[in-house]
Every structure is written in C-alpha cells, then in structure tokens.
Amino acid sequence: CFRGPSMAAAATTLTVAALLALACHTGLAADADAAVVAQVKCSVCELAMLEAQALVEELGTDLKNEDEVIEFVDNLCTLSKREGRWLRRLDIQNEEAKGRLRVVNMTDYGECRKECLLLRKACKAALGRVQEDVVALLRSRDFKSLKSKACKASCKKKPPALKDARVDEEFVKGADAGMLAMMENRDKLREETGQVFDIMKREDMETMSEGDKEAQAAQDAFAEELRAARERSGRDWKGKEVDL
C-alpha cells in the first residue's frame, strides 16, 4: 500500500523534534557559559587593570594622546592584539566550594580554546561600559584607582553558585611570546596591506627547500613593496585615506 504522506509526516515530526532538542541544548549551554562569565568577571577585570598599568609602560603608550589610549583600551580584550595577549595566560579552575570558580595566572601562554574565549567574553562584559572611565584614569595616571573604580560594577555583587557541575578544561601550554608577537604583527600587516602572511615555526623553516625559501622571500619582499606603495599613496589597501 502507498504510505508516502505518512512517512513524510513522520520525517517532518522527527526533524522538528531534533531541532527543538538542539535548540534546548544550545540554550542550556549558553546559560552555563553565562554563569561562568558571571563568576569570573570580577577577577578578570581586576587582572585587566593590573595588565593595563604595566602595558602602557611596556608599550610606551602616549597617555597624552587620547586616540592612542582609546585604541589601547579597545584592544585589552582582543586576543589577536598585543594588549590582549595576557588573556592567554589565564585558566579557569573549580574551587573546593561547590559551584565556585577562580581565575589563575598560569605564567605561560596557553592554547586558546573554550575557556580562553569565555575569559575574553568576561573581559568585554567587565570593560564594555567603563571603557571611557578606564581611558580617563589612564590618561590622568591615576593607576591606584584603576582597579577599584573600573571594576566596581563587576565586583559589586557576588554571583550565584553554578547550578550544575562543571568539567574543567585542561590548560595546555601554547605558543611562546615570540611566536605570539609574530602572529600579532602578521595581523597588523594584514590590516595595513591586505596581504595574508604565513607564520612558520623554526623547525618547519629548516625543512623548506631552497625553492620554497626563495618563494617565501619573494612574497615577503612583495608585501613590503606593497605597503610602501600604500604609504606613498596615502591610502590603505581598501582605498581609504590614512593618516601619515
């Protein structure tokens, strides 16, 4: 007998059920992530302010230049920027108290996986509404008040304990400072020239053939010429005028 319509209806029902189950799972995962962010937001904010104070000195940020300080603060939570590199050193760990978390500075830079992205989210949540305040505090060199004033809202209330048990993500050591600096410079050059650059480890470079090395050198030389041409023209690779 012919059962086309019934089979089609059953398939539709199963598809709808699967989509509902997926939506439910996604919603629960989002709620769990939000709870983790709420737990670590205060600690991340305080660490961000300590890093900001040290970084403006290390990078030689001109605190009299408002635009430069604004850019600095904007980049504090950006993993691909030097200002946001500090986030890669952090690890979220379970406290002995049930449902509580702590943020630990692991000294080494780790691989950026789920916890790393949650830390970035916590950083943005903490600094999003106080960026102007942070800029003003940095420009006035009021470093003593950075943490207390910028993190007042983030640390005002103790967040509720996590409802469900959390599986801790292992901290895995990642690229070192030198490699991260190369990656950050690559992204900066990409913004300036539109050229995509490959970052290679020393051991990989040593295994390259002479032909590959020549091709890589030619690509680098071309990118440098392109950037110089853009500077001379007064426009970036997108055709927009730039400040020289």
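Could you go through the stretch 141-151 and let me know if any residue there is touching a strand residue (DSSP E or B) at 6+ places or on another chain (Cβ under 7 Å) and of a type in the set (A, V, I, L, M, F, W, C).
no
Output the qualifying pairs, or none if there are none: Cβ atoms under 6 angstrom, residues six or more apart or on different chains, first residue in the stretch 94-118 and open to solvent by less than 50 Å² (accessible area, probe 1.4 Å), second residue small (Gly, Ala, Ser).
Once the first residue is open to solvent by less than 50 Å² (accessible area, probe 1.4 Å) and sits in the stretch 94-118, its partners that are small (Gly, Ala, Ser) give Gly99/Ala161; Val103/Ser43; Tyr109/Gly174; Gly110/Gly174.
Going by the structure shown, is Thr26 of a type in the set (Ser, Thr, Tyr) and either modelled with pLDDT of 95 or more or in a helix (DSSP H, G or I) (or both)?
Values: of a type in the set (Ser, Thr, Tyr): yes; either modelled with pLDDT of 95 or more or in a helix (DSSP H, G or I) (or both): yes.
Against the criterion (of a type in the set (Ser, Thr, Tyr) and either modelled with pLDDT of 95 or more or in a helix (DSSP H, G or I) (or both)), Thr26 qualifies.
Six or more apart or on different chains, Cβ under 9 Å: which pairs go from a residue in the stretch 61-75 that's assigned to a loop (DSSP other than H, G, I, E, B) to one that's surrounded by 12 or more Cβ atoms within 10 Å (Cβ to Cβ) and of a type in the set (Val, Ile, Thr)? Could you list them?
Close Cβ pairs satisfying both conditions: Thr61/Val69; Asp62/Val69; Leu63/Val56; Leu63/Val69.
As an exercise: evaluate Ala165 against (1) part of a loop (DSSP other than H, G, I, E, B); (2) surrounded by 11 or more Cβ atoms within 10 Å (Cβ to Cβ); (3) aliphatic (A, V, I, L, M) and give the number of the one condition it does not meet.
(2)
The values are calculated or read from the model by the stated rules, or taken from the named source; none is laboratory data. The shown structure was predicted, so the numbers you read here are calculated from the model rather than taken from an experiment. As a convention, Cβ positions derive from the backbone with ideal geometry for all residues, glycine included, and neighbour counts pool all protein chains shown. Calculation scope for accessible area: heavy atoms of the full protein, side chains included, ligands and nucleic acids excluded. Shrake-Rupley method; radii C 1.70, N 1.55, O 1.52, S 1.80 Å.
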